[in-house]
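K.L.:
So that we are looking at the same thing, I have put the structure below in structure tokens.
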Amino acid sequence: MRRDYDCIVVGAGPGGSTAAYELARQGVRVGLFEKQSLPRTKPCGGCLSLKIDRILPPDFHPLIERTIYGVRFTFEGLRPIHRRSDDPVAYMVMRDRFDAFLAGRAEAAGAILHEGETVRAVRELEDGVVVETTRGVYRTPFLVGADGATGIVARDLGLKPGKRLAVALEGEVTVAPAMLDALGDEVWIEFGSVPYGYGWVFPKRDHLSVGVGGLKDHMGHPRDYYDAYMEDEGLLEAIEREERRGFIIPVFDDGRTPRRTAHALLVGDAAGLVDPFLGEGIYYAIRSGQLAAEAIAGTRAGLSGLDTYDAFLEEDILPDFAAARKMSRMLYTFPEIATFAQGLSTVVVLRKCCTVAAPVLPCSQSPEVAV
């Protein structure tokens, strides 16, 4: 048995790579395990709320595909309402490049990146965690599970964070330049056509990210809703090339269930830390990765235990979700009323819920599903 790392992080998405970076730059020996080779495709709208600038340095800005200043809301494809801001409200990125950048940053700080090495099992002992992969067995005092909604870390350690599953179908769609120019720096959000969910159109540098997502129990398979939404938006005839991918979104449901053990912490999708109002996941993955690293660093220094992670989440993230749950009940129970309330008070509503006026749609660190 090998004891190579002070901490092992499973999953090189935004949460895992951020935790690895924060620990490695403090001199902690970190192993960052990712089952795929980077860069890898990740189904996601790729919309970052502007509050990301509060927790990341601006060195990711060259990856921005398009800066967003406006939002168009519709209900069942009718009566569009446009709202604009003088300041940016969101950034568009491609997840393959964004995730690879964050993993590279962790590696540059000293983390050892294990690409293409799948974690098969984890087992907690009295003094740490044993991690079995496709290439070997490792032992570590601390483990960070950043391997998505269906990840092996939560499963093997008996952690079941409170969450509801949503399903989404997202397409990267190449259209004629005129259609891309028509969106400009505006995103489209559609309510009413998807039960307990919505549709979106995001402009990227040279294509559109289009998708629909909603609660699994109410929506079933998203394919028909996706096709109908594409038709409603007049995109079917404009498609020149399209790549579709389905994925799962673990929407936050409660803050009472455990997200840690004595030696392991869950972050991001693995912890169910996805905003229940608009499905924002990237910001909370990165922020929870930072908080997990802080909790582990404090424990290693003998200043605290991993229970500080609970307190960090309670103070920093869960209040956002409490407000978001209230908004989601109104929005998805009365989508038509909520849509036009959104259109008339977009900045107020989103600042109250997300602390920034930015529409953010589903992103996931979780596995793709068949479409």
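K.L.:
When only Cα pairs under 8 Å and 6 or more residues apart are kept, what is the percent relative contact order across region 1-123?
P.N.:
39
K.L.:
Using 7 Å Cα-to-Cβ label points, what is the THR134/ILE112 separation (nm, one decimal)?
P.N.:
Each label point is offset 7 Å from its Cα along the Cβ direction, giving 1.9 nm.
K.L.:
Follow-up. Sequence gap at least 6, Cα distance under 8 Å: using those rules, report the relative contact order of the chain to the nearest whole percent.
P.N.:
23
K.L.:
HN-Hα J couplings of region 6-18 from phi, Karplus 6.51/-1.76/1.60, θ = phi - 60°, integer Hz, Gly and Pro as x?
P.N.:
6, 8, 10, 10, 9, x, 9, x, x, x, x, 5, 5
K.L.:
Then there's this: If Lys and Arg each add +1 and Asp and Glu each add -1, what is the summed charge of the other residues whose beta carbon sits under 10 Å from the beta carbon of PRO258?
P.N.:
In short, +3.
K.L.:
Order these by the 10 Å Cβ neighbour count, fewest first: SER304, SER288, SER49.
P.N.:
In order of increasing Cβ crowding within 10 Å: SER304, SER49, SER288.
K.L.:
Once you list every other residue whose beta carbon is under 12 Å from the beta carbon of ALA176, what net charge do they have if Lys and Arg are +1 and Asp and Glu are -1?
P.N.:
After counting each charged neighbour, the total is -3.
K.L.:
Ordered by packing density, taken as the mean number of other Cβ atoms within 10 Å over each peptide's residues, highest first, how do 213-220, 30-37 rank?
P.N.:
Those peptides, ordered most packed to least, come out 30-37, 213-220.
K.L.:
I'd like to know which of LEU143, TYR198, TRP188 lies farthest towards the positive end of the charge dipole of region 122-258, counting +1 on Cβ of Lys and Arg and -1 on Cβ of Asp and Glu.
P.N.:
LEU143
K.L.:
Using r as the Cβ-Cβ distance of ASP224 and LEU303, and R0 as 51 Å, what FRET efficiency do you calculate, to the nearest 0.05?
P.N.:
Once rounded, the FRET efficiency stands at 0.40.
K.L.:
Amide H neighbours of SER304 under 5 Å, counting only residues 5+ apart in sequence or on other chains, H built in-plane at 1.01 Å?
P.N.:
THR299
K.L.:
Given a Förster radius of 30 Å and the C-beta distance between SER37 and ASP232 as r, what FRET efficiency does 1/(1 + (r/R0)^6) yield to the nearest 0.05?
P.N.:
For R0 = 30 Å, the calculated efficiency reads 0.20.
K.L.:
So I have [x] 1.08; [y] 0.97; [z] 1.19, and one of them is Rg/Rh (Cα atoms, Kirkwood Rh) calculated from this model. Which one is it?
P.N.:
Of the labelled values, this structure produces [y].
K.L.:
Students often get this wrong, so check it: of LYS163/LYS204; LYS204/LYS326; LYS51/LYS160; LYS51/LYS204, which have C-alpha atoms separated by over 26 Å?
P.N.:
Listed pairs above 26 Å: LYS163/LYS204; LYS204/LYS326; LYS51/LYS160.
K.L.:
I need SER209, SER85 ordered by Cβ neighbour count within 10 Å, fewest first.
P.N.:
Lowest to highest Cβ neighbour count: SER85, SER209.
K.L.:
Using θ = phi - 60° and the Karplus relation 6.51 cos²θ - 1.76 cosθ + 1.60, list the HN-Hα couplings for region 243-252 in order, rounded to whole Hz, with x at every Gly or Pro.
P.N.:
10, 9, 8, x, 7, 9, 10, x, 6, 4
K.L.:
Next question, about the same structure. Return the sequence-ordered ³J(HN,Hα) values of region 155-167 in whole Hz as given by the Karplus equation 6.51 cos²θ - 1.76 cosθ + 1.60 applied to θ = phi - 60°, using x for Gly and Pro.
P.N.:
Per residue, the Karplus-derived 3J(HN,Hα) values read 5, 6, 9, x, 9, 10, x, x, 7, 10, 8, 10, 10 Hz.
K.L.:
Moving to a separate point now. Report the label-to-label distance for GLU242 and LEU165 in nanometres (one decimal), using points 7 Å from each Cα along the Cα→Cβ vector.
P.N.:
Result: 2.5 nm between the two label points.
K.L.:
Work out the FRET efficiency for ASP185 and ARG97 from their Cβ-Cβ distance, taking R0 = 25 Å, and round it to the nearest 0.05.
P.N.:
0.80
K.L.:
What is the extension gain from ASP86 to ASP59, computed as 0.36 nm multiplied by their sequence separation minus the C-alpha to C-alpha distance, in nm to one decimal?
P.N.:
So the chain would gain 7.4 nm between ASP86 and ASP59.
K.L.:
Placing unit charges on C-beta atoms (Lys and Arg positive, Asp and Glu negative, everything else neutral), compute the dipole magnitude of the chain about its Cα centre in debye, rounded to 20.
P.N.:
Here the size comes out at about 740 debye.
K.L.:
Before rounding to the nearest 500, sum -39500 (n - 2.57) across all DSSP H runs of length at least 4 in the chain and divide by the residue total; then give [θ] at 222 nm in deg cm²/dmol.
P.N.:
The helix-only estimate for the chain comes to -9000 deg cm²/dmol at 222 nm.
K.L.:
Can you list the residues, at least 5 places off or on another chain, whose amide H is less than 5 Å from the amide H of LEU32, using H built in the peptide plane?
P.N.:
VAL9, ILE112, LEU113, HIS114
A short reminder: the numbers here are calculations on the coordinates, not readings from a lab. Predicted, not measured: the structure shown is a model, and the values here were computed from it. Here Cβ is always computed from backbone atoms with ideal geometry, including for glycine, and neighbour counts include all displayed protein chains.
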